[in-house]
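Structure record follows, encoded as structure tokens.
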Amino acid sequence: MVDSGQQSYGRHRVLMVSDFFYPNFGGVENHIYYLSQCLLQRGHKVVVATHAYGRRSGVRYMTNGLKVYYIPRLPFIQQNVLPTLSGSLPIIRTILVREGITLVHGHQAFSTLCHESLLHARTMGLRVVFTDHSLYGFADLGSIHMNKVLQFTLADVHQAICVSHTSKENTVLRSGLNPEKVFVIPNAVDTAMFRPDPEACPSIKDQVIIVVISRLVYRKGADLLVEVIPEVCRLFPKVRFIVGGDGPKRVRLEEMREKHGLQDRVEMLGSVPHAEVRSVLVRGHIFLNSSLTEAFCIAILEAASCGLLTVSTRVGGVPEVLPDDMIVLAPPVPAEMVVAIGQAIKLLPQVDPFSMHNRMKNLYSWMDVAKRTEVVYDQALRSEDDDLLLRLGRYYACGPWAGKLFCLVAVVNYIVWCFLEWQQPAKEMEITPDLPPPQAFVDKLD
């Protein structure tokens, strides 16, 4: 439902949904924020929905009038809200109707709020797009469960986006989604924010600084760092490490530093706010990424934009991120990583930080990501309308037992939606007035 007061925006009126958004920091959070800002600048209406973070609940406004709904549901585990299936339908329906949303864009496979919102949007007849930001396995219990949930959600999406070709292959295999429905749109980096500063780091003749900024968890290869750092310090006396990040594996790194007496060569910073990441990166010459699985590593882009040579594990979509002369890759094996760091140290005299920064400007742009995402939105809006029976047919094909369960969930959700429509018809709900597009603010100042 869109009234005459809601015509100030362009073609798309988008609700971005995920459990992962600011004030939490990470790749998904940055992706949603920067994509939303660029879509706003291109004349679209964008609203974000996420769960409450502590006392941050209700409606907040960010740069350029980006409206964020912090839904009053607290995280249950790993920043995810407790699954309620149709329990979130009343508030999601209210947001969709009042904001005049025409397309819902969900982010991240293990976001409960994302899966529920996409289900509600399809029940209401809206177009939906899903972006997968991570890679998952097929053998462990957690992955098997998540893959079945993903199959349920993607059985009824109009289009999907993955951040790398490796991620696309992984998503298609896990969900059974038609590959023709999946677009590959990589992440980007704000090169204006991440600029080189050669004066902030010492000369490579005196010291070589290796920077690590990551969550210190198993998936990010923290255990690999425990074995690599002492060996690198033994082989290369001029090398120092700066480790930024926090997590359950930090204790192991602290113990390693104490055991090998590396307090003066390994600096532990703890958690680093995103606004301060650049000030840490420019202190180094080499950026070390030790992830054991990665769909697309934004941290590598940020480091390269600051002029650092990257050493990374050859996993997931990482080989697709940078040209060969900007990164040294190695298998996630301690001995191989040590050799790769040695190769990177030899290459440092050839590295020009400002040349690398300028290349990153041309390679990655959030505005380019927004333009390519618009194409996906256009494709989704051109999709044919499906009634409940067609949707149930797709759910039923998901498996002999799971298919019946998925159909039951969809039917119950549809019945709840019908009850809400009877209780408070959408046409009687108050429509939220739109803020002027960002350019209107600039024109008013001029």
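The values are calculated or read from the model by the stated rules, or taken from the named source; none is laboratory data. Keep in mind that this is a model prediction, so the values were computed, not measured. Cβ sites come from the backbone with ideal geometry, for glycine too, and all protein chains shown count toward neighbours. What goes into the accessible areas is simple: the full protein's heavy atoms, side chains included, and nothing from ligands, DNA or RNA. Shrake-Rupley method; radii C 1.70, N 1.55, O 1.52, S 1.80 Å.
Taking segment 158-183 only, how many residues are of a type in the set (A, V, I, L, M, F, W, C), under 20 Å from V369 (Cα atoms) and either in contact (Cβ under 8 Å) with a residue 24 or more places away in the chain or not assigned by TED's automatic domain parsing to the domain that holds A109 (or both)? Full working, then the answer.
At the first step, the residues of segment 158-183 found to be of a type in the set (A, V, I, L, M, F, W, C) are 160-163, 172-173, 177, 182-183.
After this cut, where a residue has to be under 20 Å from V369 (Cα atoms) as well, the list is 160-163, 182-183.
Filter again for either in contact (Cβ under 8 Å) with a residue 24 or more places away in the chain or not assigned by TED's automatic domain parsing to the domain that holds A109 (or both), leaving 160-163, 183.
Adding up the residues that qualify gives 5.
Pull up segment 165-209, narrow it to residues that are over 30 Å from D378 (Cα atoms) and assigned to a helix (DSSP H, G or I), then point me to the one that is most open to solvent (accessible area, probe 1.4 Å).
First pass over segment 165-209, keeping only residues over 30 Å from D378 (Cα atoms): 193-209.
Keeping just the survivors that are assigned to a helix (DSSP H, G or I) gives 198-200.
Working: P198: 64, E199: 173, A200: 42 Å².
Among those that are over 30 Å from D378 (Cα atoms) and assigned to a helix (DSSP H, G or I), it is E199.
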Any chance segment 186-202 includes a residue that's of a type in the set (F, W, Y), closer than 24 Å to V28 by Cβ and touching a helix residue (DSSP H, G or I) at 6+ places or on another chain (Cβ under 9 Å)?
-> yes
In segment 115-126, anything surrounded by 23 or more Cβ atoms within 10 Å (Cβ to Cβ) and on the phi > 0 side of the Ramachandran plot is listed as none
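Could you list, in sequence order, all residues of segment 331-386 that are out of contact with any Phe, Trp or Tyr (no Cβ under 9 Å at 6 or more places or on another chain), open to solvent by 20 Å² or more (accessible area, probe 1.4 Å) and within 30 Å of G125 (Cβ to Cβ)?
Taking segment 331-386 first, the residues out of contact with any Phe, Trp or Tyr (no Cβ under 9 Å at 6 or more places or on another chain) are 331-340, 343-344, 346-356, 358-359, 361-365, 367-368, 371, 374, 377-378, 380-386.
Still in the running and open to solvent by 20 Å² or more (accessible area, probe 1.4 Å): 331-336, 339, 343, 346-347, 349-355, 358-359, 361-365, 367-368, 371, 378, 381-386.
Across segment 331-386, the qualifying residues are K371, D378, L381, R382, S383, E384, D385, D386.
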Any hit, segment 262-273, residues being surrounded by 15 or more Cβ atoms within 10 Å (Cβ to Cβ), at pLDDT 95 or above and in a helix (DSSP H, G or I) = no
Among the numbered criteria (1) open to solvent by 10 Å² or more (accessible area, probe 1.4 Å); (2) without any contact (Cβ under 8 Å) to a residue 40 or more places away in the chain; (3) assigned to a helix (DSSP H, G or I), which single criterion is violated by V328?
-> (3)
Keeping to segment 68-114, report how many residues are buried (at least 23 other Cβ atoms within 10 Å of the Cβ), hydrophobic (A, V, I, L, M, F, W, C) and within 18 Å of the chain's Cα centre (by Cα).
-> 4
Find all pairs meeting these conditions: Cβ atoms under 7 angstrom apart; at least six residues apart or on different chains; first residue within segment 388-399 and in the same structural domain as L119 (by TED's automatic domain parsing) and under 15 Å from H158 (Cα atoms); second residue among the aliphatic types (A, V, I, L, M) and assigned to a loop (DSSP other than H, G, I, E, B).
-> R394/A155; Y395/A155
Evaluation of Q151 against (1) farther than 25 Å from P334 by Cβ; (2) buried (at least 22 other Cβ atoms within 10 Å of the Cβ); (3) among the polar types (S, T, N, Q) (one fails), failing number | (2)
Unmet requirement for E430, which otherwise passes all of (1) part of a helix (DSSP H, G or I); (2) open to solvent by 70 Å² or more (accessible area, probe 1.4 Å) | (1)
